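One structure is given below, encoded as structure tokens.
Derivation of every value follows stated rules applied to the coordinates shown; laboratory data play no part. Please read these numbers as outputs of a predicted model, since none were measured by experiment. Here the Cβ is made from the backbone with ideal geometry for all residues, glycine too, and neighbour counts use every protein chain on show.
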Amino acid sequence: MNINWTEAGMSGIILIKKNGTGRFVPEAVIDLNNNNKILIQCDFDGTVTVDDISFMLMDAFAKGDWRAINDEYNAGKITVGEFNERAFSMLGADKKEMLDYLKGKVVIRAGFKEFAALCEKKGIRLVIVSNGWDFYVRQILEDNGLENVEYHSAETYVEAGRLQVRYVGPEGRVVDTEFKEKYVNKFINEGYHVVYIGNGTSDLSPAKGAQQIFATDSLLEHCQKAGLNCMPFNSFHEICQVINTW
């Protein structure tokens, strides 16, 4: 796919894409006059990382059919909070065992480090908001020299000798659903132009609330089915090319 960007005078930036006939067609607009505060909300598992880290850990340590629970979640029968509560109860390992297991197995999507550096250089606020678990998100960022990247994820804690998980929304209250959506809404209410980057089913609803979407994998398929404008990507190098025009 050939992607080209052009500045539209002083009013903003228009994304144009060469379609199958060779013609360039509008894809998205960032109005820089009305809002020059840009915030990028980015998913983690399967977006920053190539693989879903929670799935890797569940496959390695869950004692039971956790994927049946995941099927219920994907079908919309249970919330992400209920999924984590039930799936977590199957885990037969502590945090240290799981982090040790991940050593040498985690692959960061190409270009993410450069992308994070570019956001910092351009004064774009980058925030990872993830349904994943805090202990591995934090460790993976630190291992890759990205410890200064802001992130919000599921909080893990020990209660009655067992590892538990909960989501705490931006208002400081425990939430069972719409964790990512609540952050999108918060950032928009703070006056940010929100750009969303994601890869999965859980990214569709929050992406709908953003002003611009970069999508890959199943999120791309969902956006196309829903008729949402989005830019496909395979690596963060492609997103960096776009940001360099802002």
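Things to note:
- When Rg and Dmax are taken over the Cα atoms of the chain, they come to 18.6, 63 Å.
- Any cysteine of the chain lacking a neighbouring Cys Cβ under 4.7 Å - listed by number: Cys42, Cys119, Cys240
- For Leu126, the residues whose modelled amide H falls within less than 5 Å of its own, excluding neighbours fewer than 5 places apart on the same chain, are Ile40.
- Sequence-distant residues sharing a close amide H with Lys37 (under 5 Å, placed H): His193
- Taking amide H as placed 1.01 Å from N in the peptide plane, Gly200 has its amide H under 5 Å from the amide H of Leu219, each at least 5 places away in sequence or on another chain.
- Projecting the Cα atoms of Leu102, Val242, Thr47 onto the dipole axis of the chain, where Lys and Arg carry +1 and Asp and Glu carry -1 at the beta carbon, places Val242 farthest toward the positive end.
- For region 160-224, the direction-averaged projected area of the alpha-carbon convex hull comes to 5.5 nm².
- Cβ charges +1 (Lys, Arg) and -1 (Asp, Glu), total dipole of region 144-236, debye: 160 debye
- Dipole moment magnitude, nearest 20 debye, the chain about Cα centre, only Lys, Arg, Asp, Glu C-beta charged: 500 debye
- Qualifying lysines (Cα of each under 23 Å from Cα of Lys105; at least 8 residues distant if same chain): Lys63, Lys95, Lys96, Lys113
- The shape of region 76-185 comes out oblate: with a ≥ b ≥ c from the C-alpha gyration tensor, a/c is at least 1.5 while a/b does not beat b/c.
- Which of Asn199, Ala215, Tyr73, positive extreme of dipole for the chain (C-beta unit charges): Ala215
- Across the options Met90, Met58, Phe179, the greatest Cα extent toward the positive end of the charge dipole of the chain (unit charges at beta carbon of Lys, Arg, Asp, Glu) belongs to Phe179.
- The C-alpha atoms of the chain define a longest principal axis, and helix 112-122 lies at about 50 degrees to it.
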